[in-house]
Amino acid sequence: MLLFCIICSIQNFILFNLPVHTPSLKLIECPRDAMQGWKHFIPTEKKAAYINTLLQVGFDTIDFGSFVSPKAIPQMADTAEVVKLLDKSSTATKLLAIVANLRGAEDAVQFDAINCLGFPFSISPTFQQLNTNSSIEASLQRVEEIQNLCIKNQKELVLYISMGFGNPYGDVYSEEIVLHWVDKIAAMDIRIISIADTVGVAQPVQVQRIMSNIIPAYTQVEFGVHLHSTPQHWEEKLTAAWKAGCRRFDGAMKGIGGCPMANNELVGNMNTELMVPYFQQLQTLTHFNTAAFEKSSRLAAEIFI
């Protein structure tokens, strides 16, 4: 038995080019990303019931809503009402809300149930203007203000580098630009940075190269990926990030979602229902409630029709 375990460990090391002892896997479920561009308004009570079930699954974090302009994202206009209906009494799962400016952050920090604020910082000037109505330079100032607010209110800021693998607008992009902004953001003592694919343009070799460069260079930062993908290419992208040492992954049930500001309806989120068996096969998914996961899947099928 001991010899068998040693052989399995060696095989795992060879397969993934990683040490056997690695940081714990963190799955982030993103119903907010699935709901925000949905074609019809999902009732508040139905949203809350769905998220309450997700809270029992064992995800590290639920990206559940956003405090942004209801004119821009009407589907999320009821986030303050939704959070009041959520029950965290029997879960260690954290709640994350997306904000686009200081006003939204000030609204979000009023809720004790919210643990994390997420800010979409795009390295594409065009998308930053479309998504948050600000320039990259102005957004960096917002990040600093929101980070200070988070520290004051004992919240964690999660910084998303959106369009982190390229953009469809013709804006100048290079991996050096990604590294430049990672360096600036890490210097602000932001401890969670997720590189977001946004429109599904990332190539697996690119994912592995970028994550391999930044993860060992900033040991104080937890890096994640928020990947979008067609059904044909999800596994190779996931594997690329895993091989690079990434242990924080965003996904959404049914693979639904995508930013309504990005004008790309063809490429959805990484499908959680594909990710879960992938990580179970690697024996990295612990404290996972299969019954709650299956219930969440059924509710998602009822909501997203």
Restricting the search to the range 155-193, which residues are among the β-branched types (Val, Ile, Thr), closer than 16 Å to ILE214 by Cβ and without any contact (Cβ under 8 Å) to a residue 40 or more places away in the chain?
VAL182, ILE193
Taking the range 108-142 and keeping only residues that are touching a residue at least 40 places away in the same chain (Cβ under 8 Å) and closer than 23 Å to TYR50 by Cα, one is left with ALA108, VAL109, ILE114, ASN115, CYS116, LEU117, GLY118
Taking only the range 119-157 into account, find how many residues are farther than 18 Å from PHE67 by Cα, in a helix (DSSP H, G or I) and in contact with a strand residue (DSSP E or B) (Cβ under 8 Å, 6 or more places away or on another chain).
3
Counting only residues that are under 24 Å from LYS254 (Cβ atoms) and of a type outside the set (Phe, Trp, Tyr), give me the helices (runs of 4 or more DSSP H) lying completely in the range 22-118 with at least 2 of them.
31-35, 44-54, 79-84
Quick check on my filter: what residues within the range 278-289 are assigned to a helix (DSSP H, G or I), exposed (fewer than 14 other Cβ atoms within 10 Å of the Cβ) and within 21 Å of the chain's Cα centre (by Cα)?
GLN280
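Okay, residues lined up against (1) in contact with a Ser or Thr (Cβ under 9 Å, 6 or more places away or on another chain); (2) surrounded by fewer than 21 Cβ atoms within 10 Å (Cβ to Cβ); (3) of a type outside the set (Ser, Thr, Tyr):
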site	(1), (2), (3)
PHE127	yes, no, yes
GLU144	no, yes, yes
ASN148	no, yes, yes
ILE151	no, yes, yes
GLY164	yes, no, yes
ASN167	yes, no, yes
TYR173	yes, yes, no
ARG191	no, yes, yes
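Bear in mind that the values in this text are calculations on the coordinates, not laboratory data. Everything numeric in this text was worked out from a predicted model, so none of it was measured. Methodologically, a virtual Cβ is constructed for each residue, glycine included, from the backbone with ideal geometry; neighbour enumeration extends over all protein chains shown.
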